[in-house]
Every structure is written in structure tokens, then in C-alpha cells.
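The values are calculated or read from the model by the stated rules, or taken from the named source; none is laboratory data. As the structure is a computational prediction, the values presented were derived from the model and not from experiment. Reconstructed Cβ throughout: ideal geometry from the backbone, glycine too, with neighbour counts over all protein chains shown. What goes into the accessible areas is simple: the full protein's heavy atoms, side chains included, and nothing from ligands, DNA or RNA. Shrake-Rupley method; radii C 1.70, N 1.55, O 1.52, S 1.80 Å.
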Amino acid sequence: MAELDLHSLETKWQKYWDTEQIHKYHSDSKKPLYSIDTPPPTVSGKMHLGHALGYSQADVIARYKKMQGHELFYPFGFDDNGLATERFVEKETGKRAVDMTRAEFVKLCLDTTKQAETELEKDFRALGLAIDWNLVYRTIDSKAVKIAQESFLDLFEQKRVYQSQTPHMYCTQCRTAIAQAELEDTEKESFFNDLEFELENKQKIMISTTRPELLPACVAIFIHPEDKRHKTLIGQTAIVPLFEQKVQILADKRVDPEKGSGIVMCCTFGDQKDMEWQKAYQLPIKVAIGLNGKMQDWVPEYAGLNIKQAREKIIQTLKEKEILKTQKKIMHIVNVHERCKTDVEFLVTPQWFIQYLDLKKQFLEASKSLDWNPTHMQVRLENWVQGLQWDWCISRQRYFGVPFPLWYCTQCKYPKIAEHTQLPVDPLQDQPIGVCEKCSGKEFTPEKDVLDTWFTSSLTPQINSSWTVNEKHFEKLFPMSLRPQGHDIITLWAFNTLVKSFFHHKQVPWQTVMINGFALDANGKKMSKSIGNVIAPQQIIVQYSADCLRYWTCSVGLGEDVPYKEKELVSGKRLLFKLWNAGKLIEGLTENFDYGNAPKHTLNLQIEDKWILSKLNNLIEKCTEQMNAFNFARTLAETRDFFWLEFCDYYLEEIKGRIYEPKTVEDQQAAQYTAVHVFEQILKLLAPILPHITEELYMESKIIGFKKEKSIHESNWPKIEKEKIDMHAEQTGKTMNQVIAGIRKYKSLKGLPMNSEVKKVTIYLQNNAFKEQILESQTCIQRTCKVLTLDVRLADPVNVVQVHEVNEDIKIEIE
């Protein structure tokens with residue numbers, strides 16, 4: 001092997017894997033299938049450290065399953081659908097969607113995202129993923145559009161989708177309706193404003209509000225029916241300050257009497273409670289804020305002002321008229337749109353919804369049937385389901401997205417749904433088949449809204465398995481084996497995918513879920529461009545290597561947030577070089593040795609061979625259990641420690657004398673075979689985590705008969721040889737290595753080379769149980785440490801000055 005150049009090595013093997021189709025999915029394979037519902041990254045950004053973390057951890061499991069004998073279905077997707085892509089394209093091209101037809105803008109988006117996809121694919125390939133790059137899908141290609149529209153048609157036929165002009169969450173910045181799952185809680189500074197309302201009988205009452213700009217939309221006032229302070233107010237009429245509309249005072253148990261004055265105004269709409277009250281008491285609807293986030297024309301003096309401006313002007317007027325009595329600064333939680341961080345409003349426009357609030361119990365049961373890794377992540381989905389308050393709003397007032405497959409009858413406004421044979425369809429370009437089912441009208445108006453991007457993303461298992469496109473393919477692949485994803489989108493992606501699978505197939509979409517954590521900065525803070533603490537994985541790969549980056553991603557348990565620590569990358573690099581140097585040493589120790597034809601069943605194994613083989617098989621057993629439990633961090637830690645602290649530090653040093661100065665050929669071959677065999681198993685245990693260096697050491701080894709497949713990643717995961725597990729050999733080996741360590745320590749303290757001869761070592765034992773172990777390993781101790789004479793005594797040492805303590809039971813005296 002030449003000198004180690006990690007970057008050249010990684011490029012070489014990534015090209016080799018592509019050329020030789022090492023990761024190709026074979027649909028006709030008879031192997032058990034393992035399919036992965038890979039998360040598609042959005043094309044609006046570059047690969048970030050969080051991507052590198054999540055995809056690397058999932059790739060470890062993919063490679064492990066492949067080595068276990070599974071046929072791997074491991075696709076890759078690009079999420080180029082929705083609002084994020086719109087913004088990205090407008091920024092990249094300098095063109096706006098509002099300045100062109102939807103068809104023109106869609107073409108612009110598709111053309112622009114192709115270039116972004118090329119860059120993203122290059123970045124993800126650099127991680128060394130075992131993905132079949134022939135299996136690439138996009139959430140806006142014709143196949144995805146067809147499947148998303150099939151989903152809508154199926155839900156429509158089940159009477160699970162409906163259109164309603166009811167209050168819903170709306171982002172005035174993005175100009176679109178949003179779903180509950182797209183909300184983000186943000187703590188913001190605000191003021192409790194104590195306002196004086198006057199009743200018709202001239203009595204004054206105090207109401208506290210954080211949103212005085214909603215005064216023109218006030219339609220009622222509520223108090224708690226058991227609040228003795230205000231019971232006499234029930235049934236009276238109040239006059240809203242500044243706008244002077246008269247509103248009734250009503251009683252409702254949903255009022256919190258401890259909050260503010262205990263008197264609350266109901267405005268249409270400030271929050272969920274306002275919506276509930278409006279519906280329960282059939283209150284009028286007065287919408288003061290428009291879709292553009294500005295005050296409506298019917299609000300005198302404030303029309304055209306944005307929310308902040310209107311709030312400031314109204315507060316100023318309230319102060320001037322001495323209606324605002326006091327202000328109290330507070331910090332409170334506000335719902336914002338997770339895309340743009342704009343405060344969410346509740347507006348009334350026609351939207352499409354999926355009805356599912358009646359199915360919470362079924363969703364919880366479906367969640368419990370999944371194998372969650374880590375297990376505690378299931379609680380996040382359960383809490384979300386239990387806290388659901390709205391049906392899923394699936395319509396978006398955007399330009400780029402999957403079109404609703406429907407039109408409206410111009411005469412009676414009844415929706416005309418596309419035929420299955422028409423899909424994929426664009427109502428702006430295509431015409432419906434037949435006449436209106438309600439009035440037989442023949443003229444139609446197309447639906448201009450597009451489907452929520454999560455409506456399509458929640459169908460990735462169906463897209464990958466070709467639902468309604470290739471039924472044979474679908475039956476083989478669905479449900480899929482694994483969904484890997486981040487914990488931040490459990491409520492968005494995992495839940496909505498579960499919902500769609502329940503509606504369409506009455507089963508869960510996958511068997512197992514693995515949830516990764518966040519990549520944090522060195523101080524444990526979330527990375528952000530605005531803070532300036534972002535670390536690009538591309539830079540890490542250039543400075544260290546992809547294997548070093550993967551080492552860092554596997555340094556903590558699944559689901560844990562991972563602080564960026566450069567020392568872990570340094571540790572990873574040290575391990576790669578240690579593996580490399582060990583490989584070169586073993587090549588030298590096994591020159592002309594034919595590993596492939598070694599008589600492994602008749603080898604003359606010595607105690608050190610039995611010790612390392614027993615330790616190896618215990619390691620294989622542990623690592624297999626850990627990998628089955630998605631605990632790759634323990635596999636990495638235990639394999640690294642075994643390789644470095646036992647195989648390299650002891651075993652390879654212990655067998656050098658047997659190989660370079662053999663007493664018999666059989667003894668030499670036993671050591672050579674054991675060294676190669678153990679090293680091979682170490683490489684295989686590390687292959688899912690460190691795919692490049694292990695491939696290099698496996699494929700380019702000069703050891704005769706070492707390489708057996710086209711790739712280490714096509715080889716079998718190490719099998720446990722139970723007959724090799726020998727607790728006596730392990731205990732003897734432990735005692736032996738403790739003595740060797742004691743002699744090494746003595747040489748180090750004396751400044752002696754490790755290969756210097758020692759005339760005599762006397763071992764004093766406090767426990768007779770160790771005598772047999774020392775005698776059995778005596779030859780190895782003397783050979784390894786160059787000891788001419790070794791004496792074992794069951795007694796206390798006489799000369800305490802010259803004695804070195806190995807442990808409480810063993811002491812050595814060296815001459």
C-alpha cells in the first residue's frame with residue numbers, strides 16, 4: 001500500500017462504487033428486502049452539518065443491513081416543491097412569480113432547481129452514501145404529481161376532504177394558508193394594555209389585551225360565569241372604545257379569571273379561543289386585517305397600515321383619549337410561521353381541509369405499532385396527536401406546487417374532480433371530462449391554489465414504491481422498512497406520512513423509525529447564519545475527510561444533539577491512520593502467507609491467539625446487538641477500543657517474535673492466520689461507519705486470499721463463533737497483559753527501549769489462582785518483553801523498593 005492520502009482514497013472508491021454498481025438495487029433479488037424512505041433535502045439550500053449528521057447515521061444502518069444479507073432499496077430524493085423553492089428561485093433569478101404566468105414560473109423553477117440539484121447531489125455523494133443514484137425522485141416530477149393527485153382523489157372519494165370558508169391560520173408575509181404543523185412557538189416581548197370600556201349604563205370596566213389593533217373586530221366580551229367580581233355584568237352591553245360598536249357581555253368557562261382583569265374581548269380572530277367562541281355563540285365575523293397583513297379599508301383612519309403601524313397608532317390614540325390606563329411589559333409565546341417567522345393571523349378565506357380530528361385514537365395506535373429508535377421519540381408524536389385542534393389545511397395560495405386536480409362549475413360553483421385517467425393534470429392548462437355532476441354545466445373555472453408541500457412529502461413511501469404507477473413494484477416495497485429523519489419534523493413529516501398511509505392503505509408506511517438529533521456548534525447552540533456559527537460539512541471533508549466527518553456523526557447515540565467538536569475529527573483521523581499502519585504491519589507479518597487456504601481448523605493456537613479470538617467474538621456479539629438496536633456509537637467505541645488497546649497494543653506485539661523467529665511453521669501460521677482474521681473482522685465491523693478506509697484496506701491488501709468479494713460492503717457482517725468464546729483464555733490473557741504492561745512501565749521509567757532485554761523478572765502472587773495463568777502465558781510474556789528468566793512465587797516480595805505493583809494481587813520485581 002502507498003502512503004495514505006484520504007481525499008484521493010475517498011474519490012477513488014466513490015467512483016469505483018458507481019462504476020461497479022456496488023449499491024445498485026436488484027428488483028429480482030431473492031434476498032430479504034430492506035427499504036429506506038430517505039428524507040429528500042430541499043433544493044433551496046446547500047447541504048449543512050445537520051444533513052451530514054442525519055444522512056450519515058442512516059447510511060450506517062443501510063450498510064449494516066446490506067452486509068447482513070439484505071437487498072437494499074436506498075433511493076434519494078430532492079424536495080423541490082413549495083414555498084421554499086419559490087423564494088429560492090426568485091432570489092436566484094431576480095424574477096417574481098407575480099410577473100409571469102404560472103406555467104412560465106413553473107418552468108423557471110424546474111430549470112433553476114436542476115442546477116441546485118446537481119450541487120446538492122455532489123455534496124451528498126461526497127459523504128460516501130450507499131445510495132443507488134439511479135433511484136432519484138423529485139417531489140414535483142410527473143410521477144410525484146400523479147401520486148399526490150391520486151391521493152387527493154382517493155380522499156375525496158372517501159369524503160375526507162372538504163372545502164370551507166372558516167377561520168384558519170394564515171401567513172400574511174407568505175400570503176398563504178398554513179397548517180398547525182407549520183407553526184413555531186416563539187417568545188416575544190409585548191405589552192398588556194389595560195383599556196377602559198364603557199357600558200351603555202355608563203359603568204366602566206377594564207379589559208387587558210396585547211392586540212389593541214383588533215378592537216375594530218371585537219364582537220363580544222366574555223367573563224367566567226363563577227367570577228363573583230363581574231357576575232353582574234353578564235347580559236349587559238359594552239361600547240368598544242374608538243370604534244364604538246356595541247357588543248354583548250357573555251359568560252363562558254373558558255375565560256381565565258386570573259389573567260388580566262378577568263374580562264376578555266373576543267375579536268375575529270385573535271386566537272383559537274376567539275374561533276371557538278364565534279362558532280359556539282354564532283357571533284358576527286368582522287375581519288380587520290387583510291390577506292396582505294394590512295388593515296382593511298373599512299377601518300377608518302387605520303386603513304392600509306400594517307399590523308405594527310396600526311398597533312402603534314391605535315395605542316397612541318388610546319393614550320390621547322385617556323382610554324389606555326396602564327401598560328405592562330411582558331414576554332409571551334406567539335405562534336409564527338416556521339418558514340418566515342411572521343406572526344400567524346386567523347383569517348377567513350375558502351380553503352381545502354382533510355378531516356382527521358375524529359381519528360386521533362387510530363393515529364396513536366398506529367404510532368405505537370412502530371419500532372421507534374430511540375424509543376422516547378414516540379412521545380413527541382403522541383403529544384402532537386393529543387394536542388391537535390384543527391383539521392389539516394392542505395390548500396396554499398402559491399404559484400409553484402402540485403395543482404389541485406379540480407375545477408369549479410361556472411354556473412353552480414360545484415367542484416368538478418379530475419378523472420384518474422387524466423392524472424397528472426394541471427387545471428390551468430387542461431379541461432375536465434364531462435359535465436357538472438350537480439347542474440350539468442359545461443363551463444368550468446380552474447382551481448388556482450396548489451397542494452401543501454407536506455401533502456406530497458407525506459407520500460414519499462408511495463412515490464418510492466410507485467403506488468398507482470407500478471402495482472407489482474408497490475406490493476414488493478410497501479410498507480417500507482425504515483424512515484430516518486430529524487426530531488424537528490416528527491409532527492410534520494412522520495405524522496402526516498402516518499396519516500396518509502392510514503387513509504390509503506389502512507396500515508403503517510414503515511416498520512421502523514430512526515430519529516436523529518441536531519448538529520450544534522461547539523457551545524451547544526443551534527447553528528445559524530445570523531449568529532455566524534455555521535460550520536459547513538464541505539469544509540470539514542476538505543480539511544479532514546468524509547470518514548472523519550462520519551466518525552464525528554457516530555460519536556454520540558441516535559437522537560442526541562451533537563455539539564461540533566474538532567477533537568472528535570482529530571480522533572477520527574488518528575483512527576484512520578492507525579488502521580492504515582496496522583494494515584501495513586500485518587502485510588509485513590504475513591508475507592507469502594495464504595490466508596484464503598490456511599488450515600484454520602487445525603491451527604496450533606497459543607494462549608494469546610485464544611485470548612484475542614475470544615475477545616473478538618464477544619465484540620462481534622455485542623456489536624451485532626448494538627447495531628440491531630441502532631446503537632452505532634457503542635459499536636464504534638467498542639470496536640475502536642478493541643482494535644487500538646488490545647489488538648494493536650498487545651496482540652500484534654505479542655506475535656512478532658512467533659512470526660519473525662518461529663519455532664515451528666504451525667506456530668507461525670497460527671499467529672498469521674489469527675492476525676489477519678481478527679483484522680478482517682475489525683474492518684467489517686467498522687465498514688458501515690468508515691466505508692472508505694475499510695474498503696481500501698480490504699480491497700488493496702497484499703495479503704494472499706484476503707479479498708473475497710468486489711467490495712467489503714458486499715461481504716458478510718462478521719458471524720459469532722461461539723466455540724471461540726473462552727472465558728479462561730480471556731482471564732489468562734488479561735493477567736498476561738497486566739504483567740506485560742508492568743514490565744513496559746518499568747522500561748519506560750528507566751528510559752529503556754521496549755525491545756531491550758531483561759535478565760530476570762520475579763512475579764509475586766497473593767492469589768494462587770493467578771499462578772496457572774502466569775505459567776500458561778509465560779512463553780508469551782518472555783518473548784514479548786525480552787525476558788531471559790521468569791520466576792513465579794506465591795509470596796510477598798522481600799525488596800519493596802524494586803517491586804512494581806501490577807494490581808493488588810500481582811507484583812513484579814525486575815533485574
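At q = 0.19, 0.21 Å⁻¹, what is the log10 ratio I(q)/I(0) for segment 679-801, with the Debye formula run over Cα points and no solvent?
Log-scaled intensity ratios, in q order: -0.98, -1.07.
Beta carbons within 10 angstrom, averaged per residue: use that to sort the peptides 369-375, 468-474, 689-695, highest first.
Result, highest mean first: 689-695, 369-375, 468-474.
Counting heavy atoms of the protein chains only and a 1.4 Å probe, report the per residue accessible area for segment 599-665 as a whole number of Å².
It amounts to 43 Å² per residue over segment 599-665.
Could you calculate the contour length gain from C412 to K663, that is, 0.36 nm times the residue separation minus the distance between their Cα atoms, to one decimal place in nm?
That works out to 80.4 nm of additional length.
Can you run phi through the Karplus equation (6.51, -1.76, 1.60; θ = phi - 60°) for segment 77-94 and list ³J(HN,Hα) in whole Hz, with x for Gly and Pro?
x, 10, 8, 10, 10, x, 4, 4, 5, 3, 5, 4, 5, 4, 5, 5, 9, x
Which net charge results for the neighbourhood of R254, defined as the other residues with beta-carbon distances under 14 angstrom from its beta-carbon, given Lys and Arg at +1 and Asp and Glu at -1?
Local net charge: -4.
So which aspartates and glutamates pass the test for K747, namely a Cα distance under 16 Å, with those fewer than 8 places away in the same chain ruled out?
D649, E653, E757, E805, E813, E815
In debye to the nearest 20, how big a dipole does segment 411-464 give about its Cα centre with +1 on each Lys and Arg Cβ and -1 on each Asp and Glu Cβ?
180 debye
Of L135, A103, P212, whose Cα points farthest to the positive end of the dipole of segment 98-243 (charges on the beta-carbon: +1 Lys, Arg; -1 Asp, Glu; origin at the Cα centre)?
Towards the positive end, the residue furthest out is P212.
Of the labelled options [x] 167; [y] 277; [z] 225, which one gives volume of the Cα convex hull per residue in Å³ as computed for this structure?
Label of the calculated value: [z].
Holding the Cα-Cα limit at 24 Å, pick out from K273/K368; K416/K472; K122/K584; K622/K656; K578/K707 the pairs that are longer than that.
Cα-Cα > 24 Å for K273/K368; K416/K472; K122/K584; K622/K656; rest within.
Identify all lysines with a Cα-Cα distance to K319 below 27 Å; exclude those on the same chain that are fewer than 8 residues away in sequence.
Correct list for K319: K188, K202, K204, K246, K259, K286, K294, K308, K328, K329.
In whole Hz, what ³J(HN,Hα) sequence does segment 566-573 give by Karplus (6.51, -1.76, 1.60; θ = phi - 60°), x for Gly and Pro?
5, 4, 5, 5, 5, 4, x, 5
Which listed residue (I354, T421, C409) has the Cα farthest towards the positive end of the charge dipole for segment 311-453, taking +1 on Lys and Arg C-beta and -1 on Asp and Glu C-beta about the Cα centre?
Most positive-ward Cα: I354.
Return one whole number: the accessible area per residue of segment 395-529 in Å², for a 1.4 Å probe.
40 Å²
Quick one: ranking K476, K526 by accessible area, 1.4 Å probe, largest first, what do you get?
K526, K476
Test of understanding: what is the full-extension gain from T186 to I333, defined as 0.36 nm times their sequence separation minus their Cα-Cα distance?
Full extension from T186 to I333 adds 52.4 nm.
If you take the square roots of the eigenvalues of the alpha-carbon gyration tensor of segment 138-242 and sort them as a ≥ b ≥ c, do you get rounded (a/c under 1.5), prolate (a/b over b/c) or oblate?
Judged from the Cα gyration tensor, segment 138-242 comes out prolate (a/c at least 1.5, a/b above b/c).
Once you order the gyration tensor axes a ≥ b ≥ c over the Cα atoms, which shape class does segment 329-386 get: rounded for a/c under 1.5, otherwise prolate or oblate by comparing a/b with b/c?
Cα axes put segment 329-386 in the oblate bin.
Can you find, among A522, A238, Y55, the residue sitting farthest towards the positive end of the charge dipole of the chain, where Lys and Arg contribute +1 and Asp and Glu -1 at Cβ?
A238
Leaving out ligands and nucleic acids, note down the accessible area per residue over segment 90-140 with a 1.4 angstrom probe, in whole Å².
With the other protein chains kept in place, segment 90-140 gives 53 Å² per residue.
If we sort 487-500, 111-124, 132-145 on the protection proxy, mean other Cβ atoms within 10 Å, highest first, what's the order?
So the peptides 487-500, 111-124, 132-145, ranked by packing, come out 487-500, 132-145, 111-124.
Determine the order of M331, M265 by accessible area, beginning with the largest, at a probe radius of 1.4 Å.
From most exposed to least exposed: M331, M265.
What aspartates and glutamates does K476 reach when the alpha-carbon gap must be under 16 Å and sequence neighbours fewer than 8 apart in one chain are set aside?
List returned: D28, D37, E71.
What's the FRET efficiency of F577 with E625 using the Cβ-Cβ distance as r and R₀ = 25 Å, to the nearest 0.05?
In this case the efficiency is close to 0.30.
Work out from phi, with θ = phi - 60° and the Karplus expression 6.51 cos²θ - 1.76 cosθ + 1.60, the ³J(HN,Hα) of each residue of segment 142-152, listed in order in whole Hz, and give x for Gly and Pro.
Computed from phi, the couplings for segment 142-152 are 4, 5, 5, 4, 4, 5, 5, 6, 4, 4, 4 Hz.
Could you check how much of the accessible area of the chain is carbon and sulfur, as a whole percent, using a 1.4 Å probe?
Ligands and nucleic acids excluded, carbon and sulfur give 48 percent.
Could you state how much accessible area R160 has, in square angstrom rounded to the nearest 10, with a 1.4 Å probe and all protein chains kept in place?
Using a 1.4 Å probe on the heavy atoms, I get roughly 40 Å².
Just order 451-464, 194-207 by mean Cβ neighbour count inside 10 Å, highest at the front, would you?
So the peptides 451-464, 194-207, ranked by packing, come out 451-464, 194-207.
Suppose every K and R has +1 on its Cβ and every D and E has -1 on its Cβ; what is the size of the dipole of the chain about the Cα centre, in Debye to the nearest 20?
Its charge dipole is roughly 980 debye.
How big is the antiparallel share of DSSP beta bridges in the chain, given as a percent to the nearest 5?
70 percent
Starting from a Cα-only point model with no solvent, please compute log10 I(q)/I(0) by Debye for segment 504-564 at q = 0.28 1/Å.
At q = 0.28 Å⁻¹ the computed log10 ratios are -1.24.
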